[in-house]
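The values are calculated or read from the model by the stated rules, or taken from the named source; none is laboratory data. Small disclaimer: the values here were computed from a predicted structure and weren't measured. Neighbour counts run over all protein chains shown; Cβ positions are idealised from the backbone, glycine included.
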Amino acid sequence: MLTIHRFFALLFFLIVGGLYTSFAAFYFHEQKAKSEIIAADFQRTLNEIGYQIYSGVSSFAELEEMRAGIQRKAAQNNLIDDISIQYGNKTILSTDPKMFNHSHQQLDEIDVLLESEHLRVYRDIHADVMFYDGVKPINLRIILSPNGDELDRRFDEIINSYINYSLLPTLIIAVLLFLLIKKRLIAPLEKLRQFAYYHNHVPNQFKIRELESIRNSMQQTFKRLNEEAEALYNSARTDDLSGLPNRQQLTERLNWLISESSRTQEEFAYLFIDLDNFKHINDTLGHDTGDELLIEISRIMQAELRGHDIIARFGGDEFVMVLNKYRNHLELNHIIERVLRELQEIDSISNQTVSVSASIGVAFYPKDGKNAQTLMKHADIAMYQAKERGKNQVHYFTEELNQKILQHVTLEQDLRSGIKNKEFELYYQPKVKVETGEISGCECLIRWHHPTRGLIPPNQFIPLAENSGLIVQLGEWVLEEAIQQQLFWKKMYGIDLPISVNVSAHQFAHENFYTRLQQIFKDFEFEPNKLDIEVTESVLLDDSNHNLSILKMIRSLGVTTSLDDFGTGYSSLAYLKRFPINVLKIDKSFMDDYLSRTGSVFIQTIITMAHNLNIEIVAEGIEQQDQLNYLKSVDCEFYQGYFCSKPLPAKNFIELVQDSLNKQAKT
Ligand SMILES: Nc1nc2c(ncn2[C@@H]2O[C@H](COP(=O)(O)O[C@H]3[C@@H](O)[C@H](n4cnc5c(=O)[nH]c(N)nc54)O[C@@H]3COP(=O)(O)O)[C@@H](O)[C@H]2O)c(=O)[nH]1
């Protein structure tokens with residue numbers, strides 16, 4: 001590609017080439033002209049001498065007399081070194097004594113010398129002349145020997161005059177032009193290039209207007225680009241909604257604080273704050289109100305902080321505060337309590353009534369973590385503990401808590417491999433008719449044979465399976481296993497017992513639940529009316545419209561539904577009217593309390609209400625005869641409990657059923 005430097009190099013070669021050509025033309029022209037003048041001069045000298053000899057000499061003596069005149073001619077002409085006259089092969093007269101005895105051969109050498117140096121016009125610098133000595137014709141040759149040095153000087157004058165009048169001025173002009181262009185064009189262009197590359201050191205104004213306008217527009221462009229880059233950088237580090245630093249900026253500032261604190265050996269507190277029930281606010285009051293609330297909360301938190309503290313929003317309803325330079329943990333606790341209190345004082349947003357609280361997890365640097373990642377993780381663990389303990393509170397991270405979480409994580413991994421390795425078994429607990437003691441069905445309850453920890457009860461892994469989503473896979477296995485077992489008993493023993501299977505809220509709400517259930521019925525050719533699905537009250541609470549339609553759909557297949565643990569959650573009688581429930585299971589905790597007045601009233605009210613709604617009652621956790629007697633007195637139809645049997649492996653369970661049938665047959 002052509003650059004300015006290359007262009008000038010080319011121009012330089014063109015100028016040198018041009019100068020050389022013009023020099024050659026000039027030199028040869030001048031040399032020719034000069035040679036002709038010199039040749040004419042020599043010729044005139046030869047003619048004059050020749051004429052004098054021809055017209056005035058009639059003997060060799062008279063010729064000798066001409067010597068002085070010839071010598072004067074030679075002396076007057078700088079270009080002539082010697083004039084000699086040859087007669088035959090003999091030089092009879094010479095103005096230079098050294099030449100006197102030159103032979104023709106020597107003169108030829110001079111000619112050759114002349115020819116090589118100053119062209120061939122000097123080849124024959126001689127003239128032949130004749131005089132009569134008496135009547136005898138005498139032929140003479142007049143030979144001019146040119147002065148080589150003088151000739152050189154004359155011809156060198158051509159070169160000198162060319163150098164002085166053409167070459168030098170041209171070269172000087174070219175150099176000046178180059179320097180000027182370098183100063184005015186090349187240097188500014190280089191500055192512009194550097195400016196474009198580094199964006200700094202804005203060059204001063206240029207003299208050339210076009211360059212100046214390029215400089216101006218580059219300056220404008222870079223200014224705009226810098227502004228855009230800065231805005232982009234800021235927006236990448238700022239939360240759009242609240243204007244608070246986002247996770248990226250928090251991590252940067254936290255890393256900086258950690259390096260400072262590791263130097264000063266100072267502690268600081270990392271607070272992970274999660275609003276309680278924010279989803280509910282969003283769902284009921286709309287996202288705009290939710291956003292307004294988040295902005296208000298950001299404002300309150302900012303107002304609570306001191307200059308050296310950091311606050312950030314992680315997105316959603318998650319905030320982080322990093323508090324440092326507190327005097328002691330009491331002061332720190334005051335700050336946290338104040339934040340919680342301020343949040344609770346928010347009672348309306350956009351004219352809508354709201355109730356706000358938050359759960360806070362705290363981890364300390366360096367005790368709970370020496371890097372940002374560990375601090376975040378541990379504060380997160382502590383926050384979940386605060387949630388678990390009832391929300392609207394602060395919980396500090398402890399190593400014990402960490403170990404518990406680690407155990408959960410390990411258990412979750414084991415659960416995954418447990419599903420793969422089929423480490424689960426179903427136990428069956430009889431559902432008994434209160435009046436007759438007849439086993440009318442069973443509840444299928446899962447057990448985990450852990451390879452190292454032995455038999456693990458469901459309470460320890462079902463919540464984990466729910467949180468990790470593994471409950472969907474596990475729940476499907478339970479359904480298939482229970483159905484196959486029921487079919488096996490029917491085929492092997494002719495015992496066609498209805499089975500109850502627990503389905504967690506997460507599994508129930510899963511998009512494939514209904515289709516999988518249909519598929520399982522089809523695959524195993526199972527009669528749906530032999531299956532009862534037990535759900536807890538949370539199924540009626542979560543996304544109730546969706547769950548309601550699923551309940552209706554499975555009911556239309558012939559499956560019955562039971563509401564488990566009734567009375568322990570947010571039970572509402574209205575749910576019983578709205579949702580298609582066949583069986584209501586009264587939780588063990590109420591059955592344990594049947595002797596107290598309130599306990600008894602509660603049980604009786606539920607039973608009466610359920611009967612009015614055509615819903616069957618199963619009392620759970622019946623361990624004693626007295627409890628059974630009580631159930632009989634209040635018209636409760638069914639019970640489950642250790643009084644009849646604990647949950648049993650399939651083989652033992654069917655033996656129990658056979659025994660029971662045999663007893664029934666005998667009575
Ligand atoms: N989603 C699923 N949940 C399941 C599954 N299998 C069990 N579970 C749920 O786990 C919880 C604990 O069950 P488990 O340890 O099996 O305890 C059951 C009984 O053993 C216990 N019970 C029954 N009678 C008595 C009694 O007289 N005394 C006493 N101390 N305990 C008794 O109650 C549990 C059955 O409760 P419920 O389901 O409410 O009828 C439990 O919540 C199971 O639901 C599963 O496959 N999927």
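Listing for the model above:
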| quantity | calculated |
| --- | --- |
| Residue check, GLN485 touching a helix residue (DSSP H, G or I) at 6+ places or on another chain (Cβ under 7 Å), in contact (Cβ under 8 Å) with a residue 60 or more places away in the chain, surrounded by 15 or more Cβ atoms within 10 Å (Cβ to Cβ) and under 20 Å from TRP448 (Cα atoms) | yes |
| Among the candidates ASN467, ASN459, residue that is over 42 Å from the mean Cα position of the chain (by Cα), under 30 Å from VAL362 (Cα atoms), part of a helix (DSSP H, G or I) and within 16 Å of the ligand (Cβ to nearest atom) | ASN459 |
| Enumeration of residues in segment 552-570 that are more than 14 Å from ALA505 (Cα to Cα), buried (at least 18 other Cβ atoms within 10 Å of the Cβ) and either modelled with pLDDT under 90 or of a type in the set (Phe, Trp, Tyr) (or both) | PHE566 |
| Some residue of segment 603-611 being of a type in the set (A, V, I, L, M, F, W, C), within 25 Å of SER544 (Cβ to Cβ), in the same structural domain as SER504 (by TED's automatic domain parsing) and within 11 Å of the ligand (Cβ to nearest atom) | no |
| Total residues in segment 609-646, condition closer than 15 Å to GLU438 by Cβ, among the aliphatic types (A, V, I, L, M) and in a helix (DSSP H, G or I) | 2 |
| Considering residues of segment 617-638 that are within 9 Å of the ligand (Cβ to nearest atom) and under 13 Å from GLU443 (Cα atoms) only, the residue surrounded by the fewest Cβ atoms within 10 Å (Cβ to Cβ) | GLY621 |
| Members of segment 119-157 that are part of a helix (DSSP H, G or I) and either modelled with pLDDT under 80 or in contact with a Phe, Trp or Tyr (Cβ under 6 Å, 6 or more places away or on another chain) (or both) | ARG120, VAL121, TYR122, GLY148 |
| Qualifying residue in segment 340-357 (condition: more than 30 Å from ASP283 (Cβ to Cβ) and in a strand (DSSP E or B)) | no |
| First in segment 636-650 and farther than 20 Å from ASN614 by Cα, second anywhere and of a type in the set (Ser, Thr, Tyr) and crowded, with 21+ Cβ neighbours inside 10 Å, Cβ under 8 Å, 6 or more apart | PRO647/TYR428; LEU648/TYR428; PRO649/TYR428; ALA650/TYR428 |
| Cβ-Cβ under 7 Å pairs, at least 6 apart or on other chains, segment 261-284 side assigned by TED's automatic domain parsing to the domain that holds GLN302, far side aromatic (Phe, Trp, Tyr) and crowded, with 16+ Cβ neighbours inside 10 Å | SER261/PHE268; SER261/TYR365; GLU267/PHE364; GLU267/TYR365; PHE268/TYR365; ALA269/PHE364; TYR270/TYR365; ILE273/PHE319 |
| Scope segment 299-328; condition among the small types (Gly, Ala, Ser) and at pLDDT below 95; matching residues | ALA303, GLY307, GLY315, GLY316 |
| Restricting segment 497-515 to residues that are among the hydroxyl-bearing types (Ser, Thr, Tyr) and surrounded by fewer than 19 Cβ atoms within 10 Å (Cβ to Cβ), the residue that is nearest to the ligand (Cβ to nearest atom) | TYR514 |
| Some residue of segment 373-383 being at pLDDT below 95 and among the β-branched types (Val, Ile, Thr) | yes |
| Any hit, segment 57-68, residues being under 30 Å from LEU189 (Cβ atoms) and assigned to a helix (DSSP H, G or I) | no |
| Residue check for LYS651: more than 9 Å from the ligand (Cβ to nearest atom), within 60 Å of the chain's Cα centre (by Cα) and assigned by TED's automatic domain parsing to the domain that holds SER500 | yes |
| Single match in VAL432, VAL354, VAL322 (criterion: within 30 Å of LYS585 (Cβ to Cβ) and β-branched (Val, Ile, Thr)) | VAL432 |
| Failed criterion for LYS577 (all others in (1) part of a loop (DSSP other than H, G, I, E, B); (2) away from the ligand (no atom under 13 Å from the Cβ); (3) basic (Lys, Arg) hold) | (1) |
| For PHE579: the one exception among (1) farther than 29 Å from LYS491 by Cβ; (2) at pLDDT 95 or above | (2) |
| Conditions (1) exposed (fewer than 14 other Cβ atoms within 10 Å of the Cβ); (2) under 27 Å from ALA9 (Cβ atoms); (3) modelled with pLDDT of 90 or more: number failed by ARG193 | (3) |
